[in-house]
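**Q** One structure is given below, represented as structure tokens, and several questions about it will come after.
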Amino acid sequence: MRKFLIVVIISIIAFTSCRKDFSAELSSGNLVFSKDTVFLDTVFTNIGSSTYNLKVYNKSSHAISIPSIKLGRGENSLYRLNVDGIPGKQFQNVEILAKDSMYVFVETTIDFNQVTNPIYTDSIVFDSGDKLQDVKLVTLVQDAHFLYPSKDANGLVENLKIGLDSEGNEIKVNGFYLNDNTTFTNEKPYVIYGYCAVPNGKTLTVNAGTNIYFHANSGLIIDKNATLIMNGETNNTINIESDRLEPEFSNVPGQWGTIWLRAGSKNNLINNTIIKNASAGIIIDSIGNNNPTLTIKNSQIFNSSNFGILGRETNIYGENLVVNNSGQSSLACTVGGTYNFVHATFANFWNQSLRQFPSVLINNYFTYIKDGAEVIEPRNLQAANFTNCIIDGNNSIEFILDKAEGADFNYTFKNNLLRFNDFNQTYAGITEYNFEDTNFYMNNILNGNADFKNPNNNELIIGENSDGIQNAEETASQLIPYDILGILRSSPADIGAYQHINFY
């Protein structure tokens with residue numbers, strides 16, 4: 001027993017003699033920080049921010065004790081701190097070991113109406129007197145209109161019935177109907193939780209310059225006989241994206257749902273609008289309407305985790321349209337219908353995963369399972385006309401014409417720049433890909449150089465080396481004299497949504 005006690009005592013002495021930093025010294029005011037200002041990106045009023053971090057380094061050879069760490073505004077500050085796992089606004093005698101560091105985490109929730117300046121600032125103050133050091137905190141606060149489903153007395157969230165599943169059960173999503181004809185103005189942003197639906201016979205009008213932010217699993221639904229009018233301006237666009245405003249989320253696909261123009265919606269217009277980071281940018285259904293269900297002009301759709309535009313037996317007219325970076329197709333014209341596009345750029349430089357669909361997909365059927373077997377039901381493709389368009393991407397083949405027998409399949413491609421490198425001759429001998437047949441293909445450029453500025457960053461303007469320069473069909477160009485940026489087109493004009501520029 002005596003020998004055991006001697007060993008324990010010797011071990012304790014040896015351990016403490018090796019711990020040169022066992023006794024902490026007072027901070028000398030020489031802390032080092034990972035940044036001198038923490039910018040907490042724009043927050044909406046009364047919505048909590050993400051958590052941001054600051055790393056604090058002790059680069060000395062001794063453990064140090066920081067007498068105090070606090071917010072400059074004290075307990076009245078709208079910021080919250082967490083130091084070494086402890087939440088609060090003031091901390092005493094915080095130690096950092098020699099050659100070590102610690103994290104300080106920062107959050108905020110701010111009511112726009114309680115601050116005099118939308119740029120709210122404070123600081124994290126370390127120590128005091130001549131040893132004082134501080135790190136600035138800066139946040140931009142935005143006021144907003146918040147739209148969300150109501151709850152009943154039992155706390156159940158309002159639902160929308162959007163259809164039936166394969167077994168006849170109702171499909172519901174969290175959402176709500178607008179009560180009447182509604183106008184979204186550009187006075188302040190709109191933040192929407194759940195699906196905001198426009199009811200039968202009503203119209204939602206969105207003014208130029210309006211910003212709409214959708215929470216996860218949220219979007220717009222335009223019901224039967226309802227109408228969506230989004231009419232932006234060249235230098236005053238409508239912007240639609242997720243409510244995650246941090247820079248790291250600025251180009252993340254699939255953060256919110258979709259804009260769904262349901263069967264029977266009518267006279268929908270989207271002009272000078274930017275739609276980004278959706279699951280599907282726009283879904284359009286129809287019931288044999290002879291007029292366009294959707295007219296879309298001077299607009300851009302980026303970073304859709306599934307489809308940029310998904311048309312299902314519908315009627316779409318588009319001009320000066322740019323769609324890029326879609327997990328499946330940037331444009332899918334399915335189940336037949338009528339599709340007319342002039343001076344559009346459909347590209348797909350998706351790099352988040354393997355992609356099995358082309359940039360542009362066209363078919364004239366739909367499929368379903370009946371008695372365990374797949375049934376293919378044809379539908380008439382009244383028209384799929386592309387004039388002065390670019391269809392390109394990072395795959396060898398970027399458009400597919402998928403025809404089912406038993407229904408019409410009408411299409412024309414005139415003066416387009418098309419990506420179709422059939423290296424393996426997979427499509428050789430298929431009638432729909434006979435590019436010499438002038439009934440369907442006229443003056444197209446196969447596998448030419450689009451010369452996009454930076455397609456991975458959704459910069460689809462073309463440069464001086466583009467094969468699309470001055471190769472557009474003039475009659476169509478004269479009807480659309482200005483490009484998507486409001487630049488007067490040359491004569492002959494360039495193919496695609498943009499007139500070319502010099503990048504350098």
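**Q** Taking region 243-264 as the search range and keeping residues that are among the aliphatic types (A, V, I, L, M) and part of a loop (DSSP other than H, G, I, E, B), which one is modelled with the lowest pLDDT?
**A** This residue is LEU245.
Okay, residues lined up against (1) in contact with a His (Cβ under 8 Å, 6 or more places away or on another chain); (2) modelled with pLDDT under 95; (3) not basic (Lys, Arg):
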| site | (1), (2), (3) |
| --- | --- |
| CYS389 | yes, no, yes |
| ASP402 | no, no, yes |
| ASN415 | no, no, yes |
| ARG419 | no, no, no |
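**Q** Follow-up question, since we're still on this one. Which residues, counting only those in region 271-329, are among the small types (Gly, Ala, Ser) and either within 22 Å of ASN231 (Cα to Cα) or part of a strand (DSSP E or B) (or both)?
**A** The answer is ALA278, SER279, ALA280, GLY281, SER286, SER299, SER304, GLY308, GLY311, GLY318, SER326.
**Q** If you don't mind, another one. Would you check if there is a residue in region 437-445 being closer than 30 Å to VAL252 by Cβ, assigned to a loop (DSSP other than H, G, I, E, B) and at pLDDT 95 or above?
**A** No, the conditions are met nowhere in region 437-445.
**Q** Looking at region 174-185, can you tell me whether even one residue there is modelled with pLDDT of 95 or more, touching a Phe, Trp or Tyr at 6+ places or on another chain (Cβ under 8 Å), among the aliphatic types (A, V, I, L, M) and surrounded by 15 or more Cβ atoms within 10 Å (Cβ to Cβ)?
**A** no
**Q** Given the condition under 18 Å from VAL323 (Cα atoms) and not in a strand (DSSP E or B), answer yes or no: does some residue in region 464-474 qualify?
**A** Yes, region 464-474 has at least one match.
**Q** Might you check whether a residue that is of a type in the set (A, V, I, L, M), in a strand (DSSP E or B) and surrounded by fewer than 22 Cβ atoms within 10 Å (Cβ to Cβ) occurs anywhere in region 488-499?
**A** For region 488-499, residues of a type in the set (A, V, I, L, M), in a strand (DSSP E or B) and surrounded by fewer than 22 Cβ atoms within 10 Å (Cβ to Cβ): present.
**Q** Are any of the residues in region 48-68 under 35 Å from the mean Cα position of the chain (by Cα), buried (at least 16 other Cβ atoms within 10 Å of the Cβ), farther than 14 Å from ILE124 by Cα and modelled with pLDDT under 95?
**A** Yes.
Rundown of residues vs (1) closer than 19 Å to ILE283 by Cα; (2) surrounded by 15 or more Cβ atoms within 10 Å (Cβ to Cβ); (3) within 16 Å of the chain's Cα centre (by Cα), yes/no style:
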{"residue": "ASN169", "(1), (2), (3)": "no, no, no"}
{"residue": "ALA208", "(1), (2), (3)": "no, yes, no"}
{"residue": "LEU220", "(1), (2), (3)": "yes, yes, yes"}
{"residue": "LEU228", "(1), (2), (3)": "yes, yes, no"}
{"residue": "GLY232", "(1), (2), (3)": "no, yes, no"}
{"residue": "ILE238", "(1), (2), (3)": "yes, yes, yes"}
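**Q** Would you mind stating whether PHE423 is surrounded by fewer than 15 Cβ atoms within 10 Å (Cβ to Cβ), modelled with pLDDT of 95 or more, in a loop (DSSP other than H, G, I, E, B) and over 29 Å from the mean Cα position of the chain (by Cα)?
**A** No.
**Q** Might you check whether a residue that is buried (at least 24 other Cβ atoms within 10 Å of the Cβ), over 16 Å from the mean Cα position of the chain (by Cα) and modelled with pLDDT under 95 occurs anywhere in region 276-294?
**A** The answer is yes; a qualifying residue exists.
**Q** Filter region 349-408 down to the residues that are part of a loop (DSSP other than H, G, I, E, B) and either of a type in the set (Asp, Glu) or closer than 15 Å to TYR339 by Cα (or both) and list them by number.
**A** Matches in region 349-408: ASN364, ASP371, ARG379, ASN380, ASN388, CYS389, GLU398, GLU405, ASP408.
Table: residues versus (1) more than 30 Å from ALA263 (Cα to Cα); (2) touching a Ser or Thr at 6+ places or on another chain (Cβ under 8 Å); (3) modelled with pLDDT of 90 or more; (4) surrounded by 16 or more Cβ atoms within 10 Å (Cβ to Cβ).
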residue	(1), (2), (3), (4)
GLN90	yes, yes, yes, no
VAL104	yes, no, yes, yes
ILE119	yes, yes, yes, no
ASP143	yes, yes, yes, no
LEU147	no, no, yes, yes
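**Q** So, one more: Take ASN169 and decide whether it is under 30 Å from SER218 (Cβ atoms), free of Cβ contacts under 8 Å to residues at least 24 places away in the same chain and out of contact with any helix residue (DSSP H, G or I) (no Cβ under 7 Å at 6 or more places or on another chain).
**A** Here the answer is yes, as ASN169 does meet what is asked.
**Q** I would also like to ask the following. Please list, ordered by first then second residue, the pairs with beta carbon atoms under 6 Å, 6 or more apart or interchain, first in region 206-230 and touching a residue at least 12 places away in the same chain (Cβ under 8 Å) and assigned to a loop (DSSP other than H, G, I, E, B), second of a type in the set (Phe, Trp, Tyr) and buried (at least 17 other Cβ atoms within 10 Å of the Cβ).
**A** THR210/PHE184; HIS215/TYR193; SER218/TYR193; SER218/TRP256
**Q** What do you reckon, is PHE503 under 25 Å from ASN298 (Cβ atoms), assigned to a loop (DSSP other than H, G, I, E, B), modelled with pLDDT under 95 and hydrophobic (A, V, I, L, M, F, W, C)?
**A** Spelling it out, PHE503 is indeed under 25 Å from ASN298 (Cβ atoms), assigned to a loop (DSSP other than H, G, I, E, B), modelled with pLDDT under 95 and hydrophobic (A, V, I, L, M, F, W, C).
**Q** Right, something else. Of all residues in region 357-390, how many are over 30 Å from GLY168 (Cα atoms) and either within 28 Å of the chain's Cα centre (by Cα) or among the polar types (S, T, N, Q) (or both)?
**A** Selection size over region 357-390: 11.
The values are calculated or read from the model by the stated rules, or taken from the named source; none is laboratory data. None of these values were measured; they are calculated from a predicted model. Using ideal geometry, Cβ is built from the backbone for each residue, glycine included, and neighbour counts are taken over all protein chains shown.
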